[in-house]
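Below: one structure, written as structure tokens.
Bear in mind that the values in this text are calculations on the coordinates, not laboratory data. Being a predicted model, the structure only gives us computed values, none of them experimental. Here the Cβ positions follow ideal geometry from the backbone for every residue, glycine too, while neighbour counts run over all protein chains shown.
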Amino acid sequence: MRLLRVAFTVLVGSTLLASCAAADAADEAEPVAAADVTGTWGASAVEGEASLDLADDGAATGTDGCNRMVGEWRLGDDGVVFSSWATTRMSCPAVDPWLSLAVAARLEGDHLVFVDKDAVQLGTLTRTDGS
């Protein structure tokens with residue numbers, strides 16, 4: 001009976017250790033590679049919809065649905081970091097310029113989730129180039 005109790009304790013202990021190790025591994029996100037984010041995001045051919053192209057050379061070009069945008073991007077600790085946005089200033093009623101306020105984006109599957117300087121989520125674009 002004592003041997004059964006020891007065997008049970010060892011089994012439970014090793015199961016707990018294995019589950020903790022698996023949870024730690026799941027919490028560690030895979031680093032984002034440039035190939036994961038380069039390409040077209042959003043409906044670039046749809047008027048009034050935001051879209052963004054991230055080039056291999058760090059160039060970012062797109063539209064908020066009205067105004068053209070150009071800037072630069074690089075990989076950061078949690079995904080994409082944007083800098084040097086320049087936009088046209090056309091007056092388009094009912095167009096939300098959220099994309100031009102983005103300072104970073106994180107990759108979630110086939111989506112880029114954009115955030116502002118306070119890490120508030122601004123919007124999401126879906127990969128559209130099939131990469």
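Summary of computed values
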{"item": "Candidate set: the range 61-118, residues that are touching a Lys or Arg at 6+ places or on another chain (Cβ under 6 Å) and aliphatic (A, V, I, L, M); chosen: the one nearest to V32 (Cα to Cα)", "result": "V81"}
{"item": "Hits in the range 108-120 - residues which are in contact with a strand residue (DSSP E or B) (Cβ under 7 Å, 6 or more places away or on another chain) and surrounded by fewer than 16 Cβ atoms within 10 Å (Cβ to Cβ)", "result": "D110, H111, D116"}
